[in-house]
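Worksheet: one structure, shown below.
The values are calculated or read from the model by the stated rules, or taken from the named source; none is laboratory data. Given the structure is predicted, the values throughout are model-derived calculations rather than measurements. Positions of Cβ are generated from backbone atoms using ideal geometry, with glycine treated the same way; all protein chains shown enter the neighbour counts.
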Amino acid sequence: MEVLEVEVHQEQDAVETKLKIKHLISMKKWSILLIGISMLTPLVVNAQSFAETALLFSRTTPGGSARIQGMGSTQVSLGGDYSSAYSNPAGLGMFNRSEFTFSLGFNSAGSEASYLNNITSENKNNFHIPGFGLVLHKDLGKRKLLTGSFGITYNRINNFNKSFRYEGTNANNSIVDYFIEDATGQNPNTFLKGGSNFNTPTGLAYNNYLIEDSTFVDPNASPLQYLSVLGTYPSNPNDIRTVYQLEEVRTTGSQNQFNLSYGANFSDKIFFGAGLGIASLRFEANKKYRESDFNFVLDPTFNPLDNLLLEEQIEIDGNGINGTFGVIARPIDLIQLGISYTTPTLYVMTDIYRGTVTTQWNDFDYFGDGTFISNVSEESEDVISEYNLQTPSRLTVGTSVFIGTSGFITADIEMVNYSGAKYSSDISGISFNPENETIHELYQSTINYRVGGEYRINNFRFRAGYAYMPDPFKTEQNGITRKISSYSSGLGYRSKKFYADLAIVFTQGKNSYRPYSINSVDSPLVTLDTQATLGVLTLGISF
């Protein structure tokens with residue numbers, strides 16, 4: 001990134017220019033202006049935050065019992081499992097007795113981050129409850145309408161418990177360059193406390209002396225242009241700065257859904273079902289970004305700052321509602337066909353953002369008048385945003401082929417249009433049109449595939465499965481294809497009134513991350529290889 005040019009009335013070489021920035025600063029005196037300006041739009045760190053969040057909450061997994069997850073989460077044409085209340089309520093019509101089911105899960109999520117030829121590994125483990133259900137069965141005793149079952153179930157459909165870290169020495173740019181670019185065109189007063197830009201990382205950086213408007217050096221310069229004592233001189237390509245960068249990113253939370261569903265059995269040939277889904281999500285991200293060891297090739301003795309630390313936290317809570325409708329047909333005893341449609345989920349969202357910038361200056365004579373600065377810190381206020389999110393609908397079709405009493409093979413295909421995610425606001429004057437256009441431009445419709453099978457020996461069950469989610473982006477982003485593949489296996493024991501199932505699911509994929517973006521091809525890029533291993537134990541009793 002290029003730092004904005006400063007008008008200098010005398011010709012100097014790059015070293016003299018840096019010294020001028022160090023000592024000429026005494027011309028600038030501060031006056032603190034408190035400006036009461038309300039933020040009318042939600043705070044976003046970069047232009048694609050809303051688009052990325054929409055994808056995060058739209059790209060869910062079916063979840064379900066250990067039996068289902070051991071077969072790649074394939075379930076739309078099967079039935080007879082509490083997971084049907086979520087995936088295809090028609091499957092509840094296949095119950096012939098009431099049942100209570102409870103699952104326990106253990107998730108181990110690992111990442112391998114590559115940044116500037118350095119590879120760093122992280123791992124995070126957590127126990128959780130992936131699901132439970134109560135299915136109440138009733139024999140209806142009618143000529144064609146044989147039975148009906150009502151299910152109350154809970155499923156975890158997204159797990160946000162992950163972490164990664166990266167580090168490296170960057171000779172191309174610094175987050176200071178991002179602050180300069182982001183501040184350009186803004187009045188300096190907006191970065192002061194009470195100003196409209198105070199609660200942004202750039203505003204906090206401004207109050208930590210990391211950037212200044214150009215009048216700080218030249219009173220005749222534009223106050224809408226910015227520079228930094230940590231910047232390089234733009235007209236001299238030999239003025240090279242290196243900086244050590246380190247960031248830790250940790251996310252927690254989950255996306256869950258309660259379902260109230262009913263399924264009916266018509267003549268043991270056709271099963272109908274419908275259900276109401278009550279969704280909830282909680283997502284929290286904590287980021288600690290640090291820069292240190294600033295080194296300037298043309299002035300190795302210039303060492304004003306020991307380190308800077310940007311800490312950010314965002315909490316997102318949402319509650320939503322959807323409906324699911326499905327049919328399963330059994331044209332012959334060996335084959336079952338299923339179809340299920342889930343409406344868009346309508347979420348009411350609240351997010352809270354807070355940030356802190358802390359700088360450790362080396363007793364630096366910042367103003368050039370003998371006033372030294374050392375430890376500086378500025379914290380934002382809590383920025384609260386409320387809005388609505390609609391995640392896409394889902395259409396799933398599947399088939400199961402039974403091999404006598406020895407088992408079966410089953411497969412699903414699920415169609416999701418990720419570009420259909422949409423934001424809105426109930427507050428007059430707030431428009432999400434730019435964010436919705438970005439979502440439409442970035443994402444595409446995909447077909448997710450799942451296949452699995454079960455082999456039976458007396459009361460024992462042996463299972464395996466595979467699931468594939470293709471890249472939801474229309475074009476490859478940052479050289480990364482964001483496909484997700486899952487491999488699963490499981491075993492179970494079934495008696496007339498009790499069963500126990502165990503499943504292991506291994507998931508892998510790729511992703512990328514930019515700590516900041518600047519108008520340069522050299523914006524830092526972290527590539528991520530992610531893996532997760534999920535273990536699920538499900539216990540059930542019939543009555």
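Observations on the model:
- Test: residue in the stretch 355-365 that is touching a strand residue (DSSP E or B) at 6+ places or on another chain (Cβ under 6 Å) and under 30 Å from residue 280 (Cα atoms): yes
- Members of the stretch 516-543 that are aliphatic (A, V, I, L, M), surrounded by fewer than 18 Cβ atoms within 10 Å (Cβ to Cβ) and within 21 Å of the chain's Cα centre (by Cα): 525
- As a summary of the residue check, residue 257 satisfies the conditions (1) outside any strand (DSSP E or B); (2) within 34 Å of the chain's Cα centre (by Cα) except for the one numbered (1).
- Only residues that are within 25 Å of the chain's Cα centre (by Cα) and of a type outside the set (A, V, I, L, M) were counted across the stretch 342-368, and they come to 11.
- The test for being buried (at least 17 other Cβ atoms within 10 Å of the Cβ) and at pLDDT 95 or above holds for residue 256.
- Qualifying residue in the stretch 231-247 (condition: in contact with a strand residue (DSSP E or B) (Cβ under 7 Å, 6 or more places away or on another chain), buried (at least 20 other Cβ atoms within 10 Å of the Cβ) and closer than 30 Å to residue 108 by Cα): yes
- Residue within the stretch 305-316 that is over 29 Å from residue 176 (Cβ atoms), within 31 Å of the chain's Cα centre (by Cα) and modelled with pLDDT of 95 or more present: no
- Residues in the stretch 369-402 that are under 34 Å from the mean Cα position of the chain (by Cα), of a type in the set (Gly, Ala, Ser), part of a strand (DSSP E or B) and more than 30 Å from residue 78 (Cβ to Cβ): 377, 385.
- Residues in the stretch 467-498 that are among the hydroxyl-bearing types (Ser, Thr, Tyr), surrounded by fewer than 18 Cβ atoms within 10 Å (Cβ to Cβ) and under 30 Å from residue 526 (Cβ atoms): 468, 475, 481, 485, 487.
- Of all residues in the stretch 370-390, those that are over 26 Å from residue 315 (Cβ atoms) have Cβ atoms under 7 Å from Cβ atoms of residues that are exposed (fewer than 14 other Cβ atoms within 10 Å of the Cβ), 6 or more apart or on another chain, in 372/363; 374/363.
- Residue check for residue 466: more than 30 Å from residue 401 (Cα to Cα) and of a type outside the set (Asp, Glu): no
- Residue within the stretch 506-515 that is part of a strand (DSSP E or B), among the basic types (Lys, Arg) and surrounded by fewer than 18 Cβ atoms within 10 Å (Cβ to Cβ) present: yes
- Within the stretch 117-135, the residues that satisfy the criterion of being among the aliphatic types (A, V, I, L, M) and surrounded by fewer than 17 Cβ atoms within 10 Å (Cβ to Cβ) are 119, 129, 134.
- Check on residue 481, more than 30 Å from residue 175 (Cα to Cα), β-branched (Val, Ile, Thr) and touching a residue at least 12 places away in the same chain (Cβ under 8 Å): no
- Any hit, the stretch 175-186, residues being buried (at least 22 other Cβ atoms within 10 Å of the Cβ), among the hydrophobic types (A, V, I, L, M, F, W, C) and part of a strand (DSSP E or B): no
- Within the option set 73, 26, 87, being crowded, with 23+ Cβ neighbours inside 10 Å and either on the phi > 0 side of the Ramachandran plot or modelled with pLDDT under 50 (or both) holds for one residue only, 73.
- For the stretch 382-397, filtered to residues that are farther than 14 Å from residue 326 by Cα and touching an Asp or Glu at 6+ places or on another chain (Cβ under 9 Å), the residue that is surrounded by the most Cβ atoms within 10 Å (Cβ to Cβ) is 387.
- Checking each residue in the stretch 314-354 for being among the charged types (D, E, K, R) and over 23 Å from residue 390 (Cβ atoms) picks out 330, 333, 354.
- Taking strands (runs of 3 or more DSSP E) as the structural unit, those lying wholly within the stretch 408-480 and holding at least 1 residues that are of a type in the set (A, V, I, L, M, F, W, C) correspond to 445-457, 460-469.
- For the stretch 317-330, a tally of residues being in contact with a Lys or Arg (Cβ under 8 Å, 6 or more places away or on another chain) and either under 19 Å from residue 396 (Cβ atoms) or modelled with pLDDT under 95 (or both) returns 2.
- Failed item, numbered, when residue 294 is tested on (1) without any contact (Cβ under 8 Å) to a residue 60 or more places away in the chain; (2) in a strand (DSSP E or B): (1)
- Listed conditions (1) touching a helix residue (DSSP H, G or I) at 6+ places or on another chain (Cβ under 8 Å); (2) part of a strand (DSSP E or B) are all met by residue 529, apart from (1).
- Qualifying residue in the stretch 148-157 (condition: crowded, with 24+ Cβ neighbours inside 10 Å, more than 30 Å from the chain's Cα centre (by Cα) and at negative phi): yes
- Residues (hydroxyl-bearing (Ser, Thr, Tyr) and either touching a residue at least 12 places away in the same chain (Cβ under 8 Å) or surrounded by 20 or more Cβ atoms within 10 Å (Cβ to Cβ) (or both)) located in the stretch 404-439: 405, 406, 410, 418, 419, 423, 424, 425, 438
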